[in-house]
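Bear in mind these aren't lab numbers, they're just calculated from the coordinates by the rules spelled out. What you see is a predicted model; the values in this text were computed from it and never measured. Note that we place each Cβ from the backbone using ideal geometry, even for glycine, and neighbour counts take in every protein chain shown.
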Amino acid sequence: MTELPDAGNPNQTVLAIGTKKGLWLATSTDRTSWTLSEPHFLMNEIPSIAIDTRAGRTRVLVGVRSEHWGPTVAHSDDLGATWQEPDSGAIRFPAGTDAALARVWQLQPDTADRPGVVWAGCEPISVWKSIDGGEHFELNRGLWDHPHRSEWGEGYGGAAAHSIAVDPLDENTVHIAMSTGGVYRSTDGGTSWEPRNSGISAYFLPDPDPEFGQCVHKLARDAVDPNRLYAQNHHGVYRSDDAGDTWESIADGLPADFGFVMLTHPREGGTAWVIPLKADGERIPPGGTLAVHRTRDAGKSWTQSEAGLPAPDFNSVLRDAAAVDTAEPVGVYFGTRGGSVYASSDEGATFATVAANLPDVLCVRAAVLAS
């Protein structure tokens, strides 16, 4: 069934699905049956989404990439009934930078006590900050002018600043991850950035343990301990307990250490989810078994779940094609490159199909509607 979501109903979960050919919004009152909208931005790539439920409203932000008009950020405060964007674009490189926006890889609202602040990670590798809810963004010059920038490379999909993790207790501490370049940390609100990759392997480089240059696929922060971070690497799953100063492998117990997804629980410390793929040269689920793996002890052990998922399935899941909500129990969601989207209302124990036969799913975000 397809219809426009009801923005006036607060007893809903909204699931935003960004694909190679548009955006779909799904809503549910029980996280079991879903109503899917007609496509928005049809035939445009949607590589990033944020659902901002701060300040008592629900704002959907999307990074839109048009082959004709180029990339921008659009937003809707009525679940897609109308969309707005600045006439001159939400993200524009300043004069003198000799750069043009290629793609918005990440949109990340800050914490509830920092209303209006939204971060963006883009291609070429850059980080941007908005203080008006994502309508206009300013380039972070500390990262753009970093002496390492000329040595940052491109991942398989392009040069991506794809993860932004803000410290909920200290507004001056922000971590980012990029492909390729690794993890960087700022402790002065973004004025300066330092690489934080000790222990993360870059086996594909002449020096497998460089200061920077790692291909970190996704970064996430623990819900309880802001100094605890998790990273899914290009081969490697890691945890840091010291804000990124050092990293240790937590891949034991997983069927493979390659993949793109890294999710953390919104309230429970030590809980995270990954979706392994066999290898960089074989980007399929191990043994054709599409499964979500969860840890409740910060990576000391992992539990596999494929209940409700098709078998076999040889589709991969991209880094932002997975998300959690804030309901109780937490919902876990992901979409595949085969165009299927799955939802779990029991923290990843069992899954059901939300949608099938969509275009290649690039990103998924879920939220409980603001009341």
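Tabulated data for the structure shown
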item: Computed FRET value (nearest 0.05) for Y156 with E211, which takes r as the C-beta separation and R₀ as 22 Å; result: 0.45
item: Distance between modelled label sites at V224 and E85, nm, 7 Å Cα→Cβ extension; result: 4.2
item: Theoretical ellipticity at 222 nm over the chain - DSSP helices of four or more residues, -39500 (n - 2.57) apiece, nearest 500; result: 0 deg cm²/dmol
item: Contour excess over end-to-end distance, with Cα ends at E268 and D252 and 0.36 nm allotted per residue; result: 3.6 nm
item: Charge-dipole axis of the chain as Lys and Arg at +1 and Asp and Glu at -1 on Cβ define it, positive-most pick from P115, T19, G199; result: T19
item: Gain in span if fully extended, A100 to A55, counting 0.36 nm per residue against the direct Cα distance; result: 13.0 nm
item: Gain upon complete extension [R114, N172; 0.36 nm per residue less C-alpha separation]; result: 19.7 nm
item: Two-site FRET efficiency, K300 against K21, from Cβ-Cβ distance with R₀ of 45 Å, rounded to 0.05; result: 0.65
item: Burial order of peptide ranges 141-152, 67-78 (average beta-carbon count within 10 Å, highest first); result: 67-78, 141-152
item: Alpha-carbon centroid distance for the pair segment 299-371 / segment 17-64, whole angstrom; result: 14
item: Pairwise label distance in nanometres, D145 with D242, each label 7 Å out on the Cα-Cβ vector; result: 3.1
item: Among [x] 1.20; [y] 0.91; [z] 1.10, the entry derived from the coordinates for Cα Rg over 2.2 N^0.38 Å; result: [y]
item: For the chain, built as a Gaussian network whose Cα springs stay under 10 Å, the top-fluctuating residue of M262, M178, M43; result: M43
item: Centre separation in Å (Cα based) which lies between segment 76-109 and segment 225-244; result: 29
item: Gaussian network model of the chain, Cα within-10 Å springs - most flexible of P109, P168, P310; result: P310
item: Residue with peak Gaussian network fluctuation, the chain [Cα springs, cutoff 10 Å], from S240, S28, S163; result: S28
item: Whole-Å semi-axes of segment 176-274's equivalent ellipsoid (Cα gyration tensor); result: 19, 18, 10
